[in-house]
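Structure record follows, encoded as structure tokens.
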There are 2 protein chains.
Amino acid sequence: MFSILNMRSIDEDVTTRARIRDAAIAAFGRRGFTASTVRDIATDAGVSPGLVIHHFGSKAALRTACDAHVLNTARASAESSNDPDRLRDVLTEYLAQPDDYARELAYIRSSVIDESAAGDAFFDAYVRLTEQILAEGVRAGTMRQVSDPLATATWMVANSLGLLVLGRHVARSLGHEEFGTGTINRIAGPAVELYTHPLYTDDSFLQATRDVVSDATTGR
Amino acid sequence: MFSILNMRSIDEDVTTRARIRDAAIAAFGRRGFTASTVRDIATDAGVSPGLVIHHFGSKAALRTACDAHVLNTARASAESSNDPDRLRDVLTEYLAQPDDYARELAYIRSSVIDESAAGDAFFDAYVRLTEQILAEGVRAGTMRQVSDPLATATWMVANSLGLLVLGRHVARSLGHEEFGTGTINRIAGPAVELYTHPLYTDDSFLQATRDVVSDATTGR
DNA sequence: GACACCACTGAACACATGTTTAGTATCTTA
DNA sequence: TAAGATACTAAACATGTGTTCAGTGGTGTC
């Protein structure tokens, strides 16, 4: 309850306003926006409920401030460098150190789950980033040209974010107490393995899938 | 509001109790458990709020009844046949006809997102099913033996369920109004393509990943 | 026909919610 | 130091919540 407050990932802004915002980020990430109450956030921040409204205007505006602090920061740093060599995959970076970025990850998770303009923007930016990474990989010869870059990038982003959203289940499935470094370490290998060595031994299932899809798309 | 009530996927149980349960399934799937109110469910079912409690005892018990109706049914049918040749991937089947199973899919989505024993059981059962499918594929020669079957199965389940959980984003990313048949048709090909033709042209990234993981696991 | 049982409603209850308000302390600035 | 703004609290308000309760009408049973 207290140990979650001093993580090195969030800058040490000690103003009361920042303390409230950080408590809200933790609450929204833990229980979601609707289930989090202004009173709980105020208690976690050691403050009266009225002060939360005084500083942010409303619970919805508080959420917007949290979005700006977590998501927009992550999104901006993902979009920051135009140099393809230095493209940074922010989410992967966060996921690589899940214990240090636990709050950011939890907040991104809940933003992406419930309807939120900031969550939408994050997902879309992440797809664009992945498209760039794919294109650059092809140019560099490290990746194969895929048939549908946009859909492939979307699928890969859904995979990464799906790991985050379903982290609790993934951890439990692997016998871990909670989602953390151990879970990531166990999953990363097999995931990259699937991207490196094909699961299927021939094209038959791919052909079958394409046949079904084209049947559904053209005639019925 | 009314058209969502007559779908062919849900059996035509016309008792009031069943009408309430179906309205609850729709509400929980649409807005989640916490955000759904007993009053809204009662209104959708054309009934007074008191009757909802009269039939199910409490909102929590109503949820349990919905779990039993949707998740346990799906899970049971996934586990039903012991014959590996007839293993049915229920979620894939649902996802193949997203318009027909919209309510079930939405309900599974929200069950898997928020903490729910039924959602946990569904995920775990789905991992076991995937492990069996992988093992059978290797035996039949259609799939390659992976290095970590449990982690691979967990990752694949997270991918499939991630597609469902993030369906809204996936649809938007592909320019679709909403998540439906069109979205699935566009995604299925590239997804199976990645399972068939490797993304990476050599082992270097896989090796790098394994080095990082083993470093983190052994010494620090 | 009387009785018990059941589905069902409308109103109320107790509590939790986001927000407002009146008032107090604390800080800033001239 | 005086004054005005700002940070902050305690209490109240209005509304929405899950649930309860008293009562009504219908249905089947002896």
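Give me the number: length gained by fully extending residue A:58 to residue A:218, i.e. 0.36 nm times residue separation minus the C-alpha to C-alpha distance, one decimal in nm.
52.6 nm
Between chains B and A there is a rotation axis; tell me the chain B residue with the nearest beta carbon and how many whole Å away it sits.
B:162, 1
Label residue B:139 and residue A:176 with points 7 Å out from Cα along Cα→Cβ: what is the distance between them in nm?
3.1
In square angstrom, rounded to the nearest 10, how much accessible surface does residue A:37 have for a 1.4 Å probe?
Approximately 60 Å² for this residue.
What list of ³J(HN,Hα) couplings, whole Hz, do you get for region B:186-203 from phi and the Karplus terms 6.51, -1.76, 1.60, once you set θ to phi - 60° and write x for glycine and proline?
Per-residue couplings from phi come out as 6, 7, 4, x, x, 5, 5, 4, 5, 7, 10, 10, x, 6, 7, 7, 8, 7 Hz.
Give me the percent of accessible area attributable to carbon and sulfur for the protein assembly as shown, probe 1.4 angstrom.
Ligands and nucleic acids excluded, carbon and sulfur give 54 percent.
Across peptide A:125-134, what mean number of C-beta atoms from other chains lies inside 10 Å of a residue's C-beta?
Taking the mean over all residues of the peptide, I get 1.
Please compute, for peptide A:200-212, the average count of beta-carbon atoms on other protein chains lying within 10 Å of each residue's beta-carbon.
Details: counts 8, 8, 3, 4, 2, 6, 9, 2, 1, 9, 4, 0, 4.
Whole-number average of other-chain Cβ neighbours for A:200-212 is 5.
In whole angstrom, how long is each semi-axis of the equivalent ellipsoid of region B:3-165, when you take the square root of 5 times every eigenvalue of its Cα gyration tensor and sort them from largest down? Display every interim value, and only then the final one.
On the way: eigenvalues 229, 45, 33 Å².
Semi-axis lengths for region B:3-165 are 34, 15, 13 Å.
Per-residue Cβ counts within 10 Å, from other chains only, averaged over A:145-154: what number is that?
Mean shielding by partner chains, rounded to a whole number: 6.
Roughly how many nanometres apart are two label points built 7 Å out from the Cα toward the Cβ at residue A:34 and residue A:89?
Simple spin-label model gives 3.3 nm for this pair.
Please give the calculated 222 nm ellipticity per residue for the protein assembly as shown, where each DSSP H segment of at least 4 residues contributes -39500 (n - 2.57) and the sum is spread over every residue; nearest 500 deg cm²/dmol?
Computed ellipticity for the protein assembly as shown at 222 nm equals -20500 deg cm²/dmol.
Not counting ligands, DNA or RNA, and with a 1.4 Å probe, what is residue A:211's accessible surface area in Å² rounded to the nearest 10?
Counting only protein heavy atoms, residue A:211 exposes about 80 Å² to solvent.
How far is helix B:16-31 tilted, in degrees, relative to the longest principal axis of the Cα atoms in chain B, given as a value from 0 to 90 rounded to the nearest 10?
In chain B, helix B:16-31 runs at an angle near 50 degrees to the longest axis.
The values are calculated or read from the model by the stated rules, or taken from the named source; none is laboratory data. Keep in mind the model is a prediction, meaning the values are calculated, not measured. So basically every Cβ, Gly included, is an ideal-geometry build from the backbone, and we count neighbours across all protein chains shown. Just the protein is used for accessible areas: all its heavy atoms, side chains included, with ligands, DNA and RNA removed. Shrake-Rupley method; radii C 1.70, N 1.55, O 1.52, S 1.80 Å.
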